[in-house]
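A quick write-up on the structure given underneath.
Read-outs: derived from the displayed coordinates by stated rules, not from any lab. Just so we're clear, the structure is a prediction, and the values are computed from it rather than from any experiment. Cβ sites come from the backbone with ideal geometry, for glycine too, and all protein chains shown count toward neighbours.
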Amino acid sequence: MSETQVYRRSVTVKTEHGLHIRPCTLLAQLAMKFQSRIRLSKGTHQVDAKSILELMTLGAVAGTVLELEVDGSD
């Protein structure tokens, strides 16, 4: 069994209207192309980036800083 590296980075929402349905859909579609686990968190609220509905629950407006966490082989 090989170990995978966990990557973490702070990202800032740059879209004028925040993470509304269209950017959440695009982000989830992109995340689904990978086998890796991709999570976003705002404070203590962490969601699966492959889920449009979960991304919407972040309530991320323009300027919100989110923590991105990726782990997996790709």
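Each other residue within a Cβ distance under 13 Å of V47 adds +1 if Lys or Arg and -1 if Asp or Glu, for a net charge of 0. Per-residue ellipticity at 222 nm, computed for the chain from helices alone with -39500 (n - 2.57) per DSSP H run of at least four residues, works out to -6000 deg cm²/dmol. Relative to the 2.2 N^0.38 Å rule of thumb, the chain has a C-alpha radius of gyration ratio of 1.09.
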